[in-house]
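Written below as structure tokens is the structure these notes are about.
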Amino acid sequence: MAEILKVAMPKGRIYKKASELFRLAGLPIPMDVDDTRRLVISLPEAGMEFILAKPVDVPTYVEYGVADIGIVGKDVLMEENKDVYELLDLGIARCRMSVIGLPNWTPGIQQRVATKYPNVASQYFREQGQQVEVVKLNGSIELAPLIGLADRIVDMVETGQTLKENGLVEMNSLFEITSRLIANRVSYRMKNREIQELCDRLQKVIVAEEANR
């Protein structure tokens with residue numbers, strides 16, 4: 001008998017794209033779970049249990065084994081640096097991490113950067129040989145250069161519309177971001193057959209989607 005896979009799913013925009021990907025892979029995920037307010041969703045027909053979490057918490061749930069696998073953006077993986085296996089690039093929720101600022105920005109003696117991703121930002125500027133003060137924010141990062149809290153920001157960009165509306169421009173693109181399937185190290189050994197079967201199913205869909213792109 002196949003074991004139930006506990007899946008940490010991020011709330012929000014990634015969740016709907018991920019559940020649709022699972023459906024395309026032939027898993028019986030009911031449509032009504034896309035708008036549920038429940039935090040734990042039992043899906044016995046699919047051999048799964050969804051644990052709905054804040055995106056930034058998904059790697060923690062997987063690392064500690066309360067979830068066997070999870071779906072998380074590459075940005076969160078790089079920032080959190082958790083001890084998990086990265087199994088598959090799902091190719092969904094595509095965007096990029098960028099350095100952003102006002103069009104008239106010029107380097108000053110003291111440079112301050114605001115971001116939700118202090119580890120990613122610090123590493124990037126170290127690699128560039130730039131000394132900057134990194135300020136961690138959780139809310140609207142775009143506000144920081146507008147009110148003088150920071151010279152620049154490091155944040156995700158999808159369409160660039162928010163930047164345009166606030167008079168900001170992309171200066172440098174750091175890396176592309178997509179959502180990844182990750183696994184707990186012990187679960188990957190103990191439930192290898194179930195996890196590998198899911199990976200194989202998803203991989204077929206991803207390849208087909210890429211071919212049609």
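Every read-out reported here was derived from the displayed coordinates using simple, explicitly stated rules and does not represent laboratory data. Everything quoted here is computed from the prediction, not taken from an experiment. Cβ placement follows ideal geometry from the backbone for every residue including glycine, while neighbour counts extend to all protein chains displayed.
Here are a few things to note about the model shown:
- Here the Karplus curve 6.51 cos²θ - 1.76 cosθ + 1.60, taken at θ = phi - 60°, turns the phi angles of the range 100-113 into couplings of 10, x, 6, x, 9, 5, 10, x, x, 5, 10, 10, 10, 10 Hz, with x standing for Gly and Pro.
- Both the radius of gyration and Dmax for the range 95-175 are 11.4, 32 Å, in that order, over alpha-carbon atoms.
- Kirkwood hydrodynamic radius of the chain, Cα pairs, Å: 18.6 Å
- The range 2-54 shape via C-alpha gyration tensor axes, a/c threshold 1.5: oblate
- Loop trypsin sites (Lys or Arg not before Pro), the range 22-55, which have at most 13 other Cβ atoms in a 10 Å radius of their Cβ (DSSP): Arg37, Arg38
- Per-residue 3J(HN,Hα) values for the range 199-213, derived from phi via the Karplus relation 6.51 cos²θ - 1.76 cosθ + 1.60 with θ = phi - 60°, read 4, 5, 4, 5, 4, 4, 5, 4, 4, 5, 5, 5, 5, 8, 5 Hz in sequence order (x marks Gly and Pro).
- Antiparallel content of DSSP bridges confined to the range 1-114, in %, to 5: 35 percent
- Using the Cβ-Cβ distance between Arg23 and Gln131 with R0 set to 41 Å, the FRET efficiency from 1/(1 + (r/R0)^6) comes to roughly 0.25.
- By the helix-only formula, in which each DSSP H run with n ≥ 4 contributes -39500 (n - 2.57) and the sum is divided by residues, the chain has a 222 nm mean residue ellipticity of -9500 deg cm²/dmol.
- Antiparallel bridge percentage (DSSP; both residues within the chain; nearest 5): 65 percent
- Among Ser140, Ser187, Ser173, residue whose mean-square fluctuation peaks in a GNM of the chain (springs only between Cα atoms under 10 Å): Ser140
- Annotation: amide H-H contacts under 5 Å for Gly73 (H modelled 1.01 Å from N, sequence separation of 5 or more, or interchain): Arg180.
- Residues in the range 142-156 carry Karplus couplings, in order, of 4, 5, 4, x, 6, 10, x, 6, 9, 6, 9, 10, 10, 7, 6 Hz; the curve used is 6.51 cos²θ - 1.76 cosθ + 1.60 with θ = phi - 60°, and Gly or Pro positions show x.
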